[in-house]
Amino acid sequence: MKSAAQIVPREVMDIRQAAAYLGISADSLYRYASEGVVPAFKLGNRWRFKRDLLDRWMERESGVIPEPASPEAKKPARSAR
């Protein structure tokens, strides 16, 4: 039997697997998914979570990766004449 540290998360997880991956309760994750807080989609009537989207969401929410600047915020570089 594999321990929790040896279990590799699947690319697409159900609510129980994703809750364990995020370290929160399934009830909390269900609420967050229903409110659109976490990236999720429904397959039939069941929530599914893509691991890479959860990873990017966690990085964005934790401030590890800054949000990309809007194109309006960048000024075009002037060419030297």
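The values are calculated or read from the model by the stated rules, or taken from the named source; none is laboratory data. Note that the structure is predicted; figures quoted are calculated from it, not measured. Reconstructed Cβ throughout: ideal geometry from the backbone, glycine too, with neighbour counts over all protein chains shown.
Of the residues screened, Trp57 is one that is modelled with pLDDT under 95, surrounded by 14 or more Cβ atoms within 10 Å (Cβ to Cβ), within 19 Å of the chain's Cα centre (by Cα) and not in a loop (DSSP other than H, G, I, E, B). The combined condition, being part of a helix (DSSP H, G or I), farther than 17 Å from Glu11 by Cα and either acidic (Asp, Glu) or at pLDDT 95 or above (or both), is not fulfilled by Glu67.
I need the full set of residues from the stretch 11-22 which are assigned to a loop (DSSP other than H, G, I, E, B) and either surrounded by 14 or more Cβ atoms within 10 Å (Cβ to Cβ) or at pLDDT 95 or above (or both), in order please.
Asp14
Scanning the stretch 25-54 for residues being surrounded by 14 or more Cβ atoms within 10 Å (Cβ to Cβ) and β-branched (Val, Ile, Thr) gives a total of 1.
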